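The values are calculated or read from the model by the stated rules, or taken from the named source; none is laboratory data. On a predicted model such as this, the values are computed, not experimentally measured, just so you know. Here the Cβ positions follow ideal geometry from the backbone for every residue, glycine too, while neighbour counts run over all protein chains shown. Areas reflect the complete protein model, heavy atoms only, side chains present, ligands, DNA and RNA absent. Shrake-Rupley method; radii C 1.70, N 1.55, O 1.52, S 1.80 Å.
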Amino acid sequence: VDLSPRRPFPTQLTIMAAIMSLSASSNLKAAFVGKAVSQTAPTRAVFPRKMVIVNTSKKSSASIADVAQFQRKGADTGSTEVQIALLTSRVVNLTAHLKVHKKDYSTQRGLLQVLGQRKRLLDYLFKTNSTKYAEVVSTLGIRDKRAL
């Protein structure tokens, strides 16, 4: 067992003096920021945050490409296929947001509402035009419970 006293951690003044002596010999400017911490102080674990890029706009570049594929005319924004494509892009964006913010329950509720709206539109499209339904589901990568 080593009973010798530990070498004390340098104080603010000694650190500041060392920095100033270094900066006096060169054109560097230095300043001390923070407090001196003893060596026996417990260290705090630092966990880096994950950087996730999420497009929060309702019309992402992917959704615009999907819309252009399903438009019947140049300015078609109301057809069932276009609405399903837009809702699908919102589902993707909200899902990415919820992967980062797991406890964001209001966004979770919004996602469920968007999924319900998309499901109703898919049901309507299946009743009216089943071939178009199959095309939309396969193109957008939506899981299909119906076997055609």
³J(HN,Hα) computed for each position of the stretch 95-110 - Karplus, 6.51 cos²θ - 1.76 cosθ + 1.60, integer Hz, glycine/proline x: 5, 5, 5, 6, 5, 7, 9, 5, 9, 7, 6, 5, 5, 5, 5, x
Largest first, how would GLU81, GLU135 line up by accessible area (1.4 Å probe)? GLU135, GLU81
A correct Karplus calculation of ³J(HN,Hα) over the stretch 112-121, with 6.51 cos²θ - 1.76 cosθ + 1.60, θ = phi - 60°, whole Hz and x for Gly and Pro, returns 5, 5, 5, 5, x, 5, 5, 5, 5, 5
Pairs to check: LYS73/LYS102; LYS103/LYS145; LYS73/LYS103; LYS73/LYS119; LYS103/LYS132; LYS99/LYS127. Give those whose C-alpha atoms are more than 32 Å from each other in this structure. LYS73/LYS102; LYS73/LYS103; LYS103/LYS132; LYS99/LYS127
In nm, the gap between the two label points placed 7 Å beyond Cα toward Cβ at TYR124 and GLN71 is 2.0 nm
For the stretch 101-148, the dipole about the Cα centre with charges only on Cβ (Lys and Arg +1, Asp and Glu -1), to the nearest 20 debye, works out at 180 debye
